[in-house]
1. So how many residues does the range 37-57 have that are part of a loop (DSSP other than H, G, I, E, B) and over 18 Å from the mean Cα position of the chain (by Cα)?
2. Hey, could you check the range 23-36 for residues that are among the hydrophobic types (A, V, I, L, M, F, W, C) and not in a helix (DSSP H, G or I) and say which is nearest to R121 (Cα to Cα)?
3. I need the full set of residues from the range 122-132 which are farther than 24 Å from D100 by Cβ and either in contact with a Ser or Thr (Cβ under 7 Å, 6 or more places away or on another chain) or touching a residue at least 24 places away in the same chain (Cβ under 8 Å) (or both), in order please.
4. How many residues are more than 21 Å from I79 (Cβ to Cβ) and modelled with pLDDT under 90 when one looks only at the range 1-28?
Amino acid sequence: MEINFDNQEFIYHLRKFYALLQYQYSIPKSNLKLINKPKTSFILSKNTNRLRFIKYQNNLIATFRSQDGNLVLTKEGAILIKELLPPPKMRVAILDEISDFIKRGRNLFVKHITKFDPELRPGSEVLVVNSNDELIAVGKIIMSKKDLITFKSGVAVKIR
């Protein structure tokens, strides 16, 4: 079932979406107002009637993962989140030479990282960007800050 702006349940799901964005991505409340409400819709599961997908301008931007209650971003969702966050928040910057490699869905190795947000924790969703802050991919970081600094090899981000 799809819930649009004119539905009574819309406000409940919008607040839940905003709370998840604030918790998971540390987006300030003032920036959340930039998301155009009438262009947002929520898709509920047919069986459980719980939130499953979030659409913005008819594009799927996120999937609600019920196992842990987190949002998993699509490329379109990452573009939206990137606009709401100042650099280097939730970002991992990479060498420009390997951008094509990462765009094809390959995992990111620690030796290819040039900069990263020091507040990132293992298991966090991250935006993989090049030196010009252009979005390359979305992934899940699997190394800690300490490991990113000290290790010279190994997978740092699993790309989706």
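The values are calculated or read from the model by the stated rules, or taken from the named source; none is laboratory data. Not measured: the values here are computed from a predicted model. Note that we place each Cβ from the backbone using ideal geometry, even for glycine, and neighbour counts take in every protein chain shown.
1. Within the range 37-57, residues that are part of a loop (DSSP other than H, G, I, E, B) and over 18 Å from the mean Cα position of the chain (by Cα) number 6.
2. Residues of the range 23-36 that are among the hydrophobic types (A, V, I, L, M, F, W, C), as a first pass: 27, 32, 34-35.
Restricting the remaining residues to those that are not in a helix (DSSP H, G or I) gives 27, 34-35.
On the way: I27: 16, L34: 26, I35: 26 Å.
Ranking the qualifying residues of the range 23-36, first place goes to I27.
3. Restricting attention to the range 122-132, the residues satisfying the condition of being farther than 24 Å from D100 by Cβ are 122-124.
Residues satisfying the conditions are P122, S124.
4. 6
The rows are residues; the columns are (1) in contact with a helix residue (DSSP H, G or I) (Cβ under 7 Å, 6 or more places away or on another chain); (2) on the phi < 0 side of the Ramachandran plot; (3) part of a loop (DSSP other than H, G, I, E, B).
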residue: I61; (1), (2), (3): yes, yes, no
residue: E83; (1), (2), (3): no, yes, no
residue: P87; (1), (2), (3): no, yes, yes
residue: V92; (1), (2), (3): no, yes, no
residue: S99; (1), (2), (3): no, yes, no
residue: R106; (1), (2), (3): no, yes, yes
residue: L120; (1), (2), (3): yes, yes, yes
residue: S153; (1), (2), (3): yes, yes, yes
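One line per residue, one yes/no per condition, for (1) β-branched (V, I, T); (2) over 30 Å from R15 (Cα atoms); (3) at pLDDT 95 or above; (4) surrounded by fewer than 17 Cβ atoms within 10 Å (Cβ to Cβ):
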| residue | (1), (2), (3), (4) |
| --- | --- |
| F53 | no, no, yes, yes |
| Q57 | no, no, no, yes |
| V110 | yes, yes, yes, no |
| F116 | no, no, yes, no |
